[in-house]
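To start, the structure itself, in structure tokens.
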């Protein structure tokens, strides 16, 4: 199923040019001259980036392109060497990760960060912000925070039901499967009631049965009016749910545009496969390419 094009936010992208760093009609995130260097490697060198509000934006690129590093910089989990960026016109320079989340910009991780020795419901409750029971002076007096905790529990149970994790409510988070942990992390992110959700490879390690469920949940975030930015290697997923695609290679943004345009963009094909290729990226599966390369290497070794 192609991405939904009926919302005003998506329709507003119709006239945006397919150029790196293209200006958006209503950006929720804006960044300029963001760089991050590790030794002699410049992992991120982004001249300009804008993320449109209310749509699903995919951030793609070959392995080592700098996608996760850019995620870390935008969300306060790492600090750039230089650059400036904002969320809802609020500068995020020097803002720690927990304050970025409180502003309404939350993220998940490629390797899930659930607290394995807490139950599922405890993982959910701890994600709520502004909890009076966590304050030193009010913690001993339950009458000051019990009503708030009850309200947080009701919201947590609603989200667990939505993500079909209510049957796991009292289980330890460490007992969940990889796909269930992805669902828990996404549900937990919603406890903050964020405006922007950033998903780092949400489909990595997820079995096919749960993949369709996750796809539906990502789409529902947009339908609620939230903005989504996700990193993904699965081109079928990118084509299916994204409204806009930003492509990184060697730390830079090399192209962006609507999914059907990006898949056939020569700049993008060159970024993935090198120059002089004309393969449509709709048919590209990075994992498949890796398996084919590994198989070819094994055959070459066997011949020797």
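Kindly indicate the residue of region 133-157 that is modelled with pLDDT of 90 or more and surrounded by 14 or more Cβ atoms within 10 Å (Cβ to Cβ) and also farthest from residue 220 (Cα to Cα) among those meeting that condition. Step through it out loud before you land on a result.
Taking region 133-157 and keeping what is modelled with pLDDT of 90 or more, we get 153-157.
Those still in the list that are surrounded by 14 or more Cβ atoms within 10 Å (Cβ to Cβ) too: 153, 155-157.
On the way: 153: 22, 155: 17, 156: 17, 157: 18 Å.
This residue is 153.
With respect to residue 170, is the statement that it is in contact with a strand residue (DSSP E or B) (Cβ under 7 Å, 6 or more places away or on another chain), closer than 22 Å to residue 243 by Cβ and surrounded by fewer than 20 Cβ atoms within 10 Å (Cβ to Cβ) true? Working first, answer last.
On the way: in contact with a strand residue (DSSP E or B) (Cβ under 7 Å, 6 or more places away or on another chain): yes; closer than 22 Å to residue 243 by Cβ: no; surrounded by fewer than 20 Cβ atoms within 10 Å (Cβ to Cβ): yes.
When the stated conditions are applied, residue 170 does not pass them.
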May I ask you to list the residues in region 94-107 that are farther than 17 Å from residue 70 by Cβ, without any contact (Cβ under 8 Å) to a residue 40 or more places away in the chain and either outside any loop (DSSP other than H, G, I, E, B) or within 14 Å of the chain's Cα centre (by Cα) (or both)? 98, 99
Those residues of region 202-235 which are assigned to a loop (DSSP other than H, G, I, E, B) and within 26 Å of residue 269 (Cα to Cα) amount to 202, 203, 204, 205, 232, 233
Within region 238-257, the residues that are crowded, with 19+ Cβ neighbours inside 10 Å and assigned to a loop (DSSP other than H, G, I, E, B) are 242, 243, 251
Single residue of region 35-93 satisfying the filter (free of Cβ contacts under 8 Å to residues at least 24 places away in the same chain and buried (at least 18 other Cβ atoms within 10 Å of the Cβ)) that is nearest to residue 230 (Cα to Cα): 72
Filtered residues of region 184-215 (kept if surrounded by fewer than 19 Cβ atoms within 10 Å (Cβ to Cβ) and either touching a strand residue (DSSP E or B) at 6+ places or on another chain (Cβ under 6 Å) or closer than 20 Å to residue 100 by Cα (or both)): 192, 193, 195
Against the definition (at pLDDT 95 or above and more than 25 Å from residue 160 (Cβ to Cβ)), how does residue 79 come out, yes or no? no
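The values are calculated or read from the model by the stated rules, or taken from the named source; none is laboratory data. All figures in this text were calculated on a predicted structure; none of them were measured in a lab. With ideal geometry, Cβ positions are generated from the backbone for all residues, glycine too; neighbour counts draw on all protein chains shown.
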